[in-house]
Every structure is written in structure tokens, then in C-alpha cells.
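A short write-up of the structure that comes next.
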Amino acid sequence: MSIKIIKNGVLDTIQDPGRTGYRHLGINPGGVMDPLSAAIANALVGNSSREAVIEIHFPALSLLLQQDCMLAIAGADFSATLNGQPIPLMQPVIAAAGSKLQFGRLNTGARGYIAFREQLGIPLWLGSCSTHIKAQLGGWQGKALQKGDTIPFRYSFRYNSILPGNQPFTVLPWRTAPPVVDDTIAVLPGPEYDWMEEPAKKAFEQQVFTISTVADRMGFQLTEPIPFSAERQLLSSGTSFGTVQLLPGGKLIILMADHQVSGGYPRVAQVASGAQPALAQKQPGSKIKFRFCTMEYAEDLLLKQEQYVAVLQTACRYKLEPVINRT
Amino acid sequence: MPFAFPYSISPLGDTALVIMLENRMDIDLNKAIIALYHRLQQTLQDIIEDMVPGYCSLTVYYAPGKARIRKPEGISLFTYISSLVERNMPLVNNADETVTRLVRIPVCYEAEYAPDINTLAEAKSITPAKVTALHSAGTYIVYMIGFLPGFAYMGPVDERIALPRKTVPQPVQSGSVGIAGAQTGIYPFDSPGGWHIIGRTPVKMFDPAANPPVTLRAGDQIQFYPISRYEYQNY
């Protein structure tokens, strides 16, 4: 059995944590923009963090659930409903076959993640389910999800005991607190940090930047330039999710999940891995401020998020055990 | 024996680091990078997730979860991985030529597939035929793969056909062979691009059915040979 897309969204793709091990061939890892929210959605339904999820942007798709299933949504709040009834984020929901999952208003955030206990039957390309739009490979037929696409589930479970009679859905009575979102973005100095002169360094740290409308899965361009005249050129060198590049005119661009593997712009800073989830939830027009942190702080921030997910996974698996039976 | 060139190691955030040599396009520097890449691939494969060998830099992406288990208390992961890299630097075999392959690639340089060959020839005051002859006479090294999946940065091209890239990128067809400065490259996909297109190859630089889907590797040696329009179409 399966789910069916019954209305197109603006950009909804199948993603997982990404495709590693192929950067030397120019193949970027891609993957979810907000790995923490995707991991939370997966954990809530008892999945590992590697499981494929649907990443939605606003306005988002509508889904017809063609079998009983358990789902969880985390990340952006786009007012999710099942058959018109609001359902909470960050809480597992069991939905009856024939239910429609729809999204209404944009409340907070920029990217939502839908995970299913039944797990999406997506073939791996180079070890990952992530959609590689440029290569038209990975994910669901290498493309954004379209009306009419029918994605099979890998498993089915019986929820009879908790989905009684004609009740369309049940919200399971446990939830997790959303991780705190910090408005300043923790960054580390990049390899070419010293290519900035003092006024540029000062502006980088003190300026409030606006995320421009040139903000997508490849990168976020910031509106306000900093003082910079490019006199040197960097020979193309490796980049990463969160690399802050300084363009010749002084504009900054933060590379996001679908960034190119290498680039020739100076890498003046790098967003701490643990700060990327919060950054990924910023809409164009949002204001951000950078804050330099130590390596110890950055490593610890990531470790704490991984530990949070690990604890959540264990707790949810324990709670799910008596609730579900695989058929 | 110490590593042949001065280098520095800087963090690229909390899950990657960059080993930088002098920022200069140079075959010897690039060879040292590729030799280092092979060395780290063999010795640190269990904690390194990915690497990008560049012209004169090597970016190393590590898996924090796997590295944490081994890391001594009290130092950062970055310090730990840096020390592992440092330990490997003197053991890099700069003379390692065993991995070098020679790959011959057919190119049709006829006007239909070479929208910029006349402009380039004019700018360099030579004939298009001379451009073809010079481009296909050289043996090039793949400095790195980047930009697009399977895009190989190669060079150096003969000075007589070297021309800075266009200021405004234009749509480029997949398979197009271009020149930018002293570099030559092949577009694996249709893409906007600023390189001067002087021909097209029927060989797929990115083949989704293959695993891995990219044929060329950093360090490969490349020769181009001219083919006719007929040969291109029936390749």
C-alpha cells in the first residue's frame, strides 16, 4: 500500500541525511536542510535517522494516505490537518486509510518533515534516498513530488486497538519539546577568514543581515554587503553545508544542503553544524546575526543534539512496542 | 622524509578541515595533493567520510560519531583529526605514479558543436583548425572534479589557446568541451557556463547507470583526439 500526492506543493522532495563518499566525484551530499527536525520526526515513529522523509516547503503538497499508517511531522509549522482536523507537530499520529493530509497557513519555519512508521519505499542511489535534482536521480524518480505520484510503503502495521470504529485518527499521548532556536547563528572562522580586513570582520560580527529572496536548497544569499575588494582569487577548494562565502562585491552567501562540492570564493566562516537546523528554518526576509564560537562549543552543540535524538529514539521505541504489530 | 611543500591545516567548521598548500595552479602541488588524498584514503578510511582534492588543497570531511569513540579526552575532534593527518604527511609518497591512468577522449571540433571556436581563434589570432590542433596535441592532468557531478578541471592548455572565461555565462550543452584561462573541461550536464566551447564529446562524463557514475578521477591524464561530425553522431 501507499501514499498518493493529490495536490502539488512548491518544492517537496524525498530526503535523508545525505549521500556521503562521492564528493571527490563532484557529487554533493544533498540531504535534509534541517537534519535535527528530520531526525525527530523519524524518532517519533520509531525510525532511525537514516530513514527517508518528505521535506516540504510552503505552500506544501496534499497527501492521500491509502492505508492505516503512523506519521509524525517536525520542523516548520504549516498548520497540518487530517481530513480538515488540526494535528499537532512533534507528536506521533495514527491515521486511518483514506485520510487526507493537508497544510494550510504558514505559521513558523521554512521546512517541514513528514516521517512514516511504514517507511517510504524509495530505492537507494549511491547509498542514499536523497533527491539529486541536477542529476535527476535519487529520491522519487529524481524529481520533486508531483500530483499523481504514488509512493509505496515498505511495511504495514495493525492499529486496530488504538484506531477504533470510525475515528479518522489518534494522536499518541507523548510528545517532545522543540529544541530551542537561537537567533544568533554560531559560526567558526573559515579557512580564508583573514582575507577580510578589519572593517569587514567588524561588519561580519556586528551587522544584522537579511536573508534575501535568493535563498533555496543551494544557498542563502544575504542582502547587506560588507566592505570587501577581491584582490586575490582562491583556486577552487572544498566547501560544505554552512560554508559562508564572500563574493567579490562583498555580499555573503551561506551554502546549504544542495551546494556545489567546491568553490573559488573565500570561505570566511562556517556555520556550526548544531546551528544549521535553526538557520534552515529561516524564511527569506528573516534577520540573522552571526556569533563566533569556539571549536569546543560547536562540537558540543552537535553532540548534544545527537544525544537528544538518541534518547528520543530509545524512548519512542520503548513506547511503541506495545502499540503496534507488524502484519 | 618531510612532506615536500609547506602546508597549513584549518578547520572548515566542526566536521571538516582543509589542508592548504600554496594557492597556485601547479602540477607538482596538485600531484602532492592527490598523493596525500590516496594516503589518507588508505589510512583513515574508517573516520573520513568524504574528501575533495582541489588544485592545491585537500578538504577532509570526517564522521564525528566514529571519530569521537577514538578521540583522547580533553582535545577537540579537530585537534585529534589534525594530528592524524599530520602524522601521515611525512609518509605521503610523492612519487606515487601507480594510480595515473591515460584516458583518450574523442572530440568533434566542427562548428556545429563548437559555438565559441571562431571567437577564441580570432581573439588569439589563429585559425580554428589551429585551435583544434593545439587542443588535441596536449596531454592534460585532471586537477580536480568539482562544480557539477563529474566536471573535471584539466590543464594546462597551450598558451596560444588560453583565454579568460566569458564575463556572462551562457547555456552550455552536455558534453561540451571548453577552455577557461589555462584550463580545459567537459560539461557533464546542460548548464549555464562561462567557458569558451570549442567542441563536444560523445562520451558520457556522467553515466547514471554506472557505479560510480563518474569516469574521470583527479590525477588522470587526458588526451583529446578529433573526430568528424559523422563519427560524433554515430559514436
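Just so you know, all these numbers are worked out from the coordinates, no wet-lab data involved. Just so you know, these numbers come straight off a predicted model, no measurement behind them. Here the Cβ is made from the backbone with ideal geometry for all residues, glycine too, and neighbour counts use every protein chain on show.
Classification of the stretch B:101-235 by its C-alpha gyration tensor yields a rounded form. The axis ratio a/c (a ≥ b ≥ c) stays under 1.5. With contacts taken as Cα pairs under 8 Å at a separation of at least 6 residues, chain B carries a relative contact order of 20 percent. Taking θ as phi - 60° and the Karplus parameters 6.51, -1.76 and 1.60, the scalar couplings of the stretch B:63-75 work out to 9, x, x, 6, 6, 4, 4, 8, 5, x, 4, x, 10 Hz in sequence order, x denoting glycine and proline. Near B:Ile9, once Lys and Arg are set to +1 and Asp and Glu to -1 for all other residues with Cβ below 13 Å from its Cβ, the sum equals 0.
Its Cα gyration tensor gives chain B an equivalent ellipsoid; the semi-axes, largest first and in whole Å, are 38, 18, 16. Remark: the A:Thr20-A:Asp216 segment gains 68.5 nm on full extension, using 0.36 nm per residue and subtracting the alpha carbon distance. Partner lysines whose Cα lies under 18 Å from the Cα of B:Lys71, excluding those fewer than 8 positions away in the same chain, are identified as A:Lys304.
For A:Leu64, the shell of other residues with beta-carbons less than 12 Å away shows a net charge of +3, using +1 for Lys and Arg and -1 for Asp and Glu.
Relative contact order, whole percent, for chain A stands at 21, derived from Cα pairs under 8 Å and 6 or more residues apart.
For B:Leu120, the shell of other residues with beta-carbons less than 11 Å away shows a net charge of +2, using +1 for Lys and Arg and -1 for Asp and Glu. Around the amide H of A:Asp68, modelled in the peptide plane, lie the amide H atoms of A:Ala97, all under 5 Å away and 5 or more residues distant in sequence or on another chain. A straight Cα-to-Cα reach below 17 Å connects A:Lys4 with the lysines A:Lys100, A:Lys143, A:Lys147, residues fewer than 8 places away in its own chain not being considered. For chain A, the longest principal axis of the Cα atoms and the long axis of helix A:35-44 meet at an angle of about 20 degrees. If the chain linking B:Asp158 and B:Leu91 were pulled fully straight, counting 0.36 nm for each residue of separation and taking away their Cα-Cα distance, it would gain 20.7 nm.
Nearest 10 degrees, 0 to 90: what angle lies between the long axis of helix A:295-320 and the longest principal axis of chain A (Cα atoms)? The answer is roughly 0 degrees. Over chain B, dividing the summed -39,500 (n - 2.57) contributions of all DSSP H runs of at least 4 residues by the number of residues returns a 222 nm mean residue ellipticity of -7000 deg cm²/dmol.
Under the convention that each Lys and Arg Cβ holds +1 and each Asp and Glu Cβ holds -1, the size of the dipole of the stretch B:1-98 around its Cα centre is about 260 debye. A simple rule links phi to the HN-Hα coupling: the Karplus curve 6.51 cos²θ - 1.76 cosθ + 1.60 with θ = phi - 60°, which for the stretch A:267-272 gives 8, 7, 7, 9, 5, 4 Hz, with x for Gly and Pro.
Phi angles of the stretch B:115-124 translate, via the Karplus equation with coefficients 6.51, -1.76, 1.60 and θ = phi - 60°, into HN-Hα couplings of x, 10, 5, 5, 4, 5, 4, 4, 4, 9 Hz per residue; Gly and Pro are given as x. Within a straight-line Cα-Cα reach of under 22 Å, A:Lys289 can be paired with the following lysines, leaving aside sequence neighbours fewer than 8 residues apart in one chain: A:Lys201, A:Lys202, A:Lys251.
Working from Cα pairs under 8 Å separated by at least six residues, relative contact order for the stretch A:8-146 is 31 percent. Helix B:27-43 axis versus longest C-alpha principal axis of chain B: approximately 50°, rounded to the nearest ten. How about the stretch B:85-191: which GluC sites (Glu not before Pro) there are in a DSSP loop, with at most 16 other Cβ atoms within 10 Å of their Cβ? Sparse-neighbourhood loop GluC sites (Glu not before Pro): B:Glu97. Here A:Lys289 and A:Gln136 are evaluated by their C-beta separation; at R0 = 45 Å the FRET efficiency comes out at 0.75.
Applying a DSSP loop filter and a limit of 14 other Cβ atoms within 10 Å to the GluC sites (Glu not before Pro) in the stretch A:233-319 leaves nothing. Taking a spot 7 Å from the Cα of B:Val203 along the direction of its beta carbon, which residues of the stretch B:98-118 have an amide N less than 11 Å from it? Taking a point 7 Å out along Cα→Cβ of B:Val203, the residues of the stretch B:98-118 whose backbone N falls under 11 Å are B:102-107.
If you count the DSSP beta bridges with both ends in the protein assembly as shown, what percent of them are antiparallel, to the nearest 5? Antiparallel bridges: around 90 percent, rounded to the nearest 5. Calculated [222 nm] ellipticity per residue, helices only, for chain A: -5000 deg cm²/dmol; basis is -39500 (n - 2.57) per DSSP H run with n ≥ 4, divided by all residues, nearest 500. Between B:Thr43 and A:Gln233, what FRET efficiency comes out of the Förster formula 1/(1 + (r/R0)^6) with R0 = 22 Å and r the beta carbon distance, rounded to 0.05? With R0 = 22 Å, the Cβ-Cβ based efficiency is 0.10.
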